[in-house]
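Undergrad: Quick one: structure below, then a few questions.
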Amino acid sequence: MLSISDLFHEADTLEKTRNAAAAAELYKRWIALNPEDPNLAAAHFNMAVVAQRSGDAFGAVNALRDALRINPDFHPSYINLGRALEDLGETTGAVNQWLALVNRLPAINGPTLRYKLMALHQLGRVLEFNHADAAAEDALRQAVDLSPDQSQAVQHWIALRQKQCKWPVVTGWDGVEARRLLASISPLSTAVMYDDPMFQLARAASYARQSISMPKELSFDHGARMADRPKRLKIGYVSSDLREHAVGFGISEVMELHDRSRFDIHAYYCGISREDDTKSRIRSAVGHWTDISTMTDDAAAARIAADGIDILVDVNGYTRDARTAVFARRPAPIQANWFGYPGTMGTPYHHYIIADGNVAPAGSEIHFSEKVLRLPCYQPNDRKRPIAAEPPKRSDEGLPAAGFVFCCLNGTQKITAPVFQAWMRILAATDGSVLWLLDSSVETNARLRQMAAAAGIAPARLCFAPKRPNPQHLARYPLADLFLDTFPYGAHTTAADAMWMGTPVLTLEGKGFAARVCAGLVKSAGMHDLVCTNIEDYVGRAIAIASAPGTAGDLRKRLRTNRDTCLLFDEPKIVSGLEGLYDQMWEEFRAGDLPVPNLSNLAIYEEIGVHLIEGAEGKTILPAAYVAELTRLNTLEPLVPDGRLWPERRSSRGQRPAVLHAVA
């Protein structure tokens, strides 16, 4: 008779030889013949793992329930049973399993802490997915309480508070300081909360070091490929969003317009397993479509290398379901960051960032680890987007029949306290106007209305737009008279959608990438007069447009007149520019001039930034604050020149000057 260890070994061998059915049968026989074995629960658990991997979800659920019946203290079974039930759509059952484990583990030690944290993480994820944001936030706060250095829990907790408009977003509590939480903030949340491009770079680099798995060694040698340009450059786009998603909508026409005589286009999809029209359209447009969502990072990298990709483009960045670790394995000789994430990656393996002169103006290169290359307009915008044939009436959307309609159909996570306060000032100065926001949870909508009331604005003047399929969503934009942008993370594809439908966008231009995208789009649409440089200008301009009859209509006419000729929607020009940048990248690689990402001193910048941003949500951090602290640190220990705010500069006597001037 097999011992339990021999059972595990033999079953593992069978499964590795692609004989999962035999492995499952081996477990069944052993369990039937060993009903009193003290390891019976472990055998059921492993049988469930085999069943789950072979697609037998119901068999996995039954085996895990048997494991818990035999030994209710076999904690991993709760975790896996919850995941199995979730996969079957039984989210309530999944939540109940994780709650049962949390409640069963009152004592905290090494093993129980690990399982309790796993259960709380799963609870937070599933509760949020099911729109129970407050409960999800509570589960994640419990996880942070148990282990404040769990960066994943901290990041998710911060993101949930942003989404719920709980300001200030980052607040400490007994035993957990706000500064400690800020040290774990995600790059995306950083861009939403702080207009500080230096901290965004430093935090991105830290996130990459801490969260992205690196290979032990590089498996691909691209040196032999440093030759003249091949007739067709192989371009690989990696993204989870080549589907019904803002990125998928924007990039669809790019895929259709690429010059097939000079470029061979590959798409590597790593998103959810669901079909839709956008996904089908992109798959039909590219030369090759590969789903890498179930591949390991090593396997995906090997596939990309085997395809001979010349330039690999990251169209995710630090967003959901990204495969950044595939880029860390460097399967292509040239790797670029474009469109999926509005900012630098801060890694040693992204050579270029594709931007434009507005999001990355001359002099801003110090805020990027990558070499900055520029398109005429950074963001692609599909001119073939389907729009519902029947436009809705105001009454269909819960809007008043008369009165000026301000709108902001960005996600609520982009709303910050200073912007909301500015909106209330605008409403107070424009009688009869309403603010039309994208619908969120019942609790978040109520919170926003409560804050409006506290500012002296009738809660009913905040209206909420229910989620709609994109064709219907686009069709309702003309109901709004003026789109009010958020800050510091402004509207991106949302702004382009609004302007495509003729709704003017008023925006506030900041310092960082995410705070400059909308301004660039508005300028590319020929509407430069709607770009503001400070919050007072923004408030005053909104009030002036709403107060002067006919002004909003004139802006709408300009947009419609410009639409077919403006840069914003000139997709052939944008694609031609993109292909020119790919040619430039290859020429630099061929000449041995491939950029080396600059990561110098970024840990120091991050340490300074965490101190500066505390209590500064929604505000701009100026370079002078960094320079002052760098100067102080340099008196304690000489800093290495980094080409940013601490460059190689010496006095006539060969000594570093005591004070450096801030870079604007």
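The values are calculated or read from the model by the stated rules, or taken from the named source; none is laboratory data. Worth saying up front: this structure is predicted, and the values here are computed from it rather than measured. So basically every Cβ, Gly included, is an ideal-geometry build from the backbone, and we count neighbours across all protein chains shown. Just the protein is used for accessible areas: all its heavy atoms, side chains included, with ligands, DNA and RNA removed. Shrake-Rupley method; radii C 1.70, N 1.55, O 1.52, S 1.80 Å.
Undergrad: Kindly indicate whether any position in the stretch 559-570 is within 24 Å of residue 197 (Cα to Cα), of a type in the set (A, V, I, L, M) and either surrounded by fewer than 18 Cβ atoms within 10 Å (Cβ to Cβ) or in contact (Cβ under 8 Å) with a residue 60 or more places away in the chain (or both).
TA: If we filter the stretch 559-570 for residues that are within 24 Å of residue 197 (Cα to Cα), which is where we start, we get none.
Checking the stretch 559-570: not a single residue is within 24 Å of residue 197 (Cα to Cα), of a type in the set (A, V, I, L, M) and either surrounded by fewer than 18 Cβ atoms within 10 Å (Cβ to Cβ) or in contact (Cβ under 8 Å) with a residue 60 or more places away in the chain (or both).
Undergrad: In the stretch 80-97, which residues are hydrophobic (A, V, I, L, M, F, W, C) and either at pLDDT below 90 or surrounded by fewer than 19 Cβ atoms within 10 Å (Cβ to Cβ) (or both)?
TA: Filtering the stretch 80-97 for residues hydrophobic (A, V, I, L, M, F, W, C) gives 81, 84-85, 88, 94-95.
Passing the criteria: only 88.
Undergrad: Just to be sure I understand, how many residues within the stretch 611-664 are basic (Lys, Arg), over 19 Å from residue 369 (Cα atoms), part of a loop (DSSP other than H, G, I, E, B) and at pLDDT 80 or above?
TA: We begin by selecting, within the stretch 611-664, every residue basic (Lys, Arg); these are 619, 632, 644, 649-650, 653, 656.
When the remaining residues are screened for being over 19 Å from residue 369 (Cα atoms), the result is 619, 632, 649-650, 653, 656.
Keeping just the survivors that are part of a loop (DSSP other than H, G, I, E, B) gives 619, 649-650, 653, 656.
If we keep only those that are at pLDDT 80 or above as well, we get none.
Of the residues in that region, 0 qualify.
Undergrad: Note down all Cβ pairs under 8 Å where the first residue falls in the stretch 341-355 and is modelled with pLDDT of 95 or more and open to solvent by less than 10 Å² (accessible area, probe 1.4 Å), the second is assigned to a strand (DSSP E or B) and of a type in the set (Gly, Ala, Ser), and they're at least six residues apart or on different chains.
TA: Between residues of the stretch 341-355 that are modelled with pLDDT of 95 or more and open to solvent by less than 10 Å² (accessible area, probe 1.4 Å) and residues that are assigned to a strand (DSSP E or B) and of a type in the set (Gly, Ala, Ser), the close pairs are 350/336; 352/336; 353/336; 354/336.
Undergrad: Quick one: in the stretch 362-401, of everything that is assigned to a loop (DSSP other than H, G, I, E, B), open to solvent by 20 Å² or more (accessible area, probe 1.4 Å) and of a type in the set (A, V, I, L, M, F, W, C), which residue is farthest from residue 514 (Cα to Cα)? Let's see the steps before the verdict.
TA: If we filter the stretch 362-401 for residues that are assigned to a loop (DSSP other than H, G, I, E, B), which is where we start, we get 362-363, 368-370, 376-393, 398-401.
Those left that are additionally open to solvent by 20 Å² or more (accessible area, probe 1.4 Å): 362-363, 376, 383-393, 398, 400-401.
Filter again for of a type in the set (A, V, I, L, M, F, W, C), leaving 362, 387-389, 401.
Working: 362: 16, 387: 27, 388: 30, 389: 33, 401: 35 Å.
Within the stretch 362-401, the match that is farthest from residue 514 (Cα to Cα) is 401.
Undergrad: Got a sec? Which helices (runs of 4 or more DSSP H) wholly within the stretch 209-313 have at least 2 residues that are in contact with a helix residue (DSSP H, G or I) (Cβ under 9 Å, 6 or more places away or on another chain) and under 18 Å from residue 354 (Cβ atoms)?
TA: Values: elements: 246-257, 277-285, 297-306.
Filter on the stretch 209-313 gives 246-257.
Undergrad: Sticking with this one: Residue 23: open to solvent by less than 10 Å² (accessible area, probe 1.4 Å), closer than 30 Å to residue 136 by Cβ and either more than 39 Å from the chain's Cα centre (by Cα) or in contact (Cβ under 8 Å) with a residue 12 or more places away in the chain (or both), yes or no?
TA: Values: open to solvent by less than 10 Å² (accessible area, probe 1.4 Å): yes; closer than 30 Å to residue 136 by Cβ: no; either more than 39 Å from the chain's Cα centre (by Cα) or in contact (Cβ under 8 Å) with a residue 12 or more places away in the chain (or both): yes.
Against the criterion (open to solvent by less than 10 Å² (accessible area, probe 1.4 Å), closer than 30 Å to residue 136 by Cβ and either more than 39 Å from the chain's Cα centre (by Cα) or in contact (Cβ under 8 Å) with a residue 12 or more places away in the chain (or both)), residue 23 does not qualify.
Undergrad: Continuing with this model, one more query. For the stretch 134-152, enumerate the residues that are surrounded by 21 or more Cβ atoms within 10 Å (Cβ to Cβ) and under 22 Å from residue 440 (Cβ atoms). Working first, answer last.
TA: Of the residues in the stretch 134-152, the ones surrounded by 21 or more Cβ atoms within 10 Å (Cβ to Cβ) are 136-137, 139-140, 143-144.
Those that are surrounded by 21 or more Cβ atoms within 10 Å (Cβ to Cβ) and under 22 Å from residue 440 (Cβ atoms): 136, 137, 139, 140.
Undergrad: State whether one or more residues within the stretch 479-486 are over 26 Å from residue 199 (Cα atoms), surrounded by fewer than 23 Cβ atoms within 10 Å (Cβ to Cβ) and at pLDDT 95 or above.
TA: Yes, there is a match, as at least one residue in the stretch 479-486 is over 26 Å from residue 199 (Cα atoms), surrounded by fewer than 23 Cβ atoms within 10 Å (Cβ to Cβ) and at pLDDT 95 or above.
Undergrad: Give the number of residues within the stretch 220-232 that are more than 17 Å from residue 593 (Cβ to Cβ) and not basic (Lys, Arg). Steps first, please.
TA: First pass over the stretch 220-232, keeping only residues more than 17 Å from residue 593 (Cβ to Cβ): 220-221, 224, 230-232.
Now drop any that are not not basic (Lys, Arg), which leaves 220-221, 224, 230.
Of the residues in the stretch 220-232, 4 are more than 17 Å from residue 593 (Cβ to Cβ) and not basic (Lys, Arg).
Undergrad: All but one of (1) part of a loop (DSSP other than H, G, I, E, B); (2) closer than 26 Å to residue 133 by Cα; (3) touching a residue at least 24 places away in the same chain (Cβ under 8 Å) hold for residue 432; which doesn't?
TA: (2)
Undergrad: Could you tell me whether the stretch 449-468 includes any residue that is in contact with a Gly (Cβ under 8 Å, 6 or more places away or on another chain) and aromatic (Phe, Trp, Tyr)?
TA: Yes; the residues of the stretch 449-468 include at least one that is in contact with a Gly (Cβ under 8 Å, 6 or more places away or on another chain) and aromatic (Phe, Trp, Tyr).
Undergrad: Report every pair of residues separated by at least 6 positions or lying on different chains whose Cβ atoms are under 9 Å apart, first residue within the stretch 385-406 and at positive phi and touching a residue at least 60 places away in the same chain (Cβ under 8 Å), second of a type in the set (A, V, I, L, M) and open to solvent by less than 40 Å² (accessible area, probe 1.4 Å).
TA: Matching pairs, first to second residue: 398/465.
Undergrad: Give the residues of the stretch 601-621 that are surrounded by fewer than 17 Cβ atoms within 10 Å (Cβ to Cβ) and either of a type in the set (S, T, N, Q) or over 19 Å from residue 189 (Cα atoms) (or both), sorted by residue number.
TA: Scanning the stretch 601-621 gives a single hit, 620.
Undergrad: Being closer than 21 Å to residue 518 by Cβ and either open to solvent by 50 Å² or more (accessible area, probe 1.4 Å) or of a type in the set (Asp, Glu) (or both): is that true of residue 413 here? Quick ask: steps written out before the conclusion?
TA: On the way: closer than 21 Å to residue 518 by Cβ: yes; either open to solvent by 50 Å² or more (accessible area, probe 1.4 Å) or of a type in the set (Asp, Glu) (or both): yes.
Yes; evaluated as a whole, the condition is true for this residue.
Undergrad: Among the residues of the stretch 29-70, count how many are of a type in the set (Asp, Glu) and over 25 Å from residue 88 (Cβ atoms).
TA: Taking the stretch 29-70 first, the residues of a type in the set (Asp, Glu) are 36-37, 56, 66.
After this cut, where a residue has to be over 25 Å from residue 88 (Cβ atoms) as well, the list is 36-37.
The number of residues fulfilling the criteria is 2.
Undergrad: When you go through 93, 55, 59, 82 one by one, which is the residue that is among the small types (Gly, Ala, Ser) and under 27 Å from the mean Cα position of the chain (by Cα)? So that I can check it myself, show each step before the final result.
TA: Details: 93 fails: under 27 Å from the mean Cα position of the chain (by Cα); 55 fails: under 27 Å from the mean Cα position of the chain (by Cα); 59 fails: under 27 Å from the mean Cα position of the chain (by Cα).
So the residue among 93, 55, 59, 82 that is among the small types (Gly, Ala, Ser) and under 27 Å from the mean Cα position of the chain (by Cα) is 82.
Residues are listed down the side, and each one gets a yes or a no for (1) open to solvent by 20 Å² or more (accessible area, probe 1.4 Å); (2) within 30 Å of residue 223 (Cα to Cα):
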position	(1), (2)
253	no, no
263	no, yes
281	yes, no
311	no, yes
325	no, yes
